[in-house]
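Since every read-out is calculated from the coordinates, none of them should be taken as a lab result. For clarity, every value in this text was computed on a predicted model and none was experimentally measured. Cβ: placed from backbone, ideal geometry, glycine included. Neighbour counts: every protein chain shown.
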Amino acid sequence: MTTSIMILGCGNMGSAIAKGLVKAKRHRDNTLILYDIYPDKARYLAELLNIDWVSEINQLDRPPAYIFVAVKPADFPDAALLLREWHESVFFSVLAGMEIKELTSCLGGTRKIVRLMPNLCVEVGEGVIPTCFSPSINAQEREDILFLLASLGWVFESEEKEIASLTALGGSGPAFIALFVEAMMDAGVYCGLPWEKALKVALQTVLGTVVHLKESGMHPGAFKNAVASPGGTTIAGLLKMEDGGFKASVMHGIDAAYRRASKTTDRE
Ligand SMILES: NC(=O)c1ccc[n+]([C@@H]2O[C@H](COP(=O)([O-])OP(=O)(O)OC[C@H]3O[C@@H](n4cnc5c(N)ncnc54)[C@H](OP(=O)(O)O)[C@@H]3O)[C@@H](O)[C@H]2O)c1
């Protein structure tokens, strides 16, 4: 049976989800349709991916079974007005910081809501996708939804109270990793390499380290010790990085993202 899937909001995250579903070819079992308040965005992406789009919600014959809502939280109340009549649809929210109870109250009445916190790596099928469900979603529906989301990366059920931490670590994480890769590339350039070669080496080093850590199950500290021989070049580099507070800086950065995601400033 085909499931109709709408992506509402074709910005960074909506586009990444659409591209991920198309890449995984999971959309072939489904009808995928795009909508954005700015129609050119939906049209451009739909043409790129060879899928459908609408310029107005009321152009649809019937409500989609699944709706990925990928607008900024501040735009959600307006978007919800468009969706209030669709009582049978399952709403997938990627909105940072908005709990299922707030989403439900904006949409009105009992709704089927999936709250997920993906990151932009869903575009290449390597996302991290913590997921929680409103109680109105039954076991079979959960199974079908997890199957669909698995095409976008590593999906797992989570408690809503963990979502703020997972937003800081997984949702924002690609930006932190990209900053680190950029710093490695700049360092390579500083040491005399052309930026293209420095970037390639930085990327392959990050990839190789990640694959090694995943496959070996080693603690990152033990792997670091294996690279850093006594009195060698690596330990000299590590000392300089710790002089600059590298590890504390990363930890404080992720904590700041966590505080923002949980909307609290008073946690000690
Ligand atoms: N980016 C990430 O890495 C990331 C990670 C995890 C979660 N998220 C969540 O994903 C959501 C979207 O973030 P984003 O980075 O993709 O933002 P974005 O690039 O600004 O995309 C949002 C899109 O929704 C459109 N829009 C606004 N109001 C609408 C409405 N009523 N109906 C239909 N479309 C509407 C916007 O159009 P206009 O530009 O014309 O206003 C824009 O194209 C946010 O809630 C964020 O918390 C993002």
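According to the square roots a ≥ b ≥ c of the eigenvalues of the Cα gyration tensor, what is the shape class of segment 173-261, taking rounded for a/c under 1.5, prolate for a/b larger than b/c otherwise, and oblate for the remainder?
Note, shape of segment 173-261 comes out rounded.
Rounded, prolate or oblate: which one fits the chain, using the alpha carbon gyration tensor with axes a ≥ b ≥ c (rounded when a/c is under 1.5, else prolate when a/b beats b/c, else oblate)?
Taking the square roots of the gyration eigenvalues as a ≥ b ≥ c, the chain is prolate.
How far is helix 139-149 tilted, in degrees, relative to the longest principal axis of the Cα atoms in the chain, given as a value from 0 to 90 rounded to the nearest 10?
Result, in degrees: 50.
What is the order of HIS87, HIS219, fewest Cβ neighbours within 10 Å to most?
HIS219, HIS87
Where in segment 101-126 does the amide nitrogen come within less than 13 Å of the point 7 Å from the Cα of GLU162, taken along Cα to Cβ?
Inside the label zone: 117.
Under a straight-distance cross-link criterion of Cα-Cα below 19 Å, which aspartates and glutamates are reachable from LYS224, leaving out those fewer than 8 residues away in the same chain?
GLU215, GLU242, ASP243
Please report the antiparallel percentage of DSSP beta bridges with both residues in the chain, rounded to the nearest 5.
10 percent
May I ask you to list the lysines whose Cα is less than 27 Å away from that of LYS263, ignoring any residue fewer than eight positions away on the same chain?
The qualifying lysines are LYS72, LYS101, LYS112, LYS161, LYS247.
Rounded to the nearest 5, what is the percent of antiparallel bridges among the DSSP beta bridges in segment 68-154?
25 percent
Which distance in nm do the two modelled labels at LYS197 and LEU60 give, with both placed 7 Å along the Cα-to-Cβ direction?
Between LYS197 and LEU60, the label points sit 5.3 nm apart.
Taking the 0 to 90 degree range and rounding to the nearest ten, how far is the long axis of helix 173-190 tilted relative to the main principal axis of the chain, both from C-alpha atoms?
40 degrees
Any idea what angle helix 12-23 forms with the longest principal axis of the chain, computed on alpha-carbon atoms, 0 to 90 degrees, nearest 10?
Relative to the chain, helix 12-23 is tipped by roughly 80 degrees.
Considering the dipole of the chain built from charges on the beta carbon (Lys and Arg +1, Asp and Glu -1) around the Cα centre, which of TRP154, SER249, ILE67 is farthest to its positive end?
Most positive-ward Cα: SER249.
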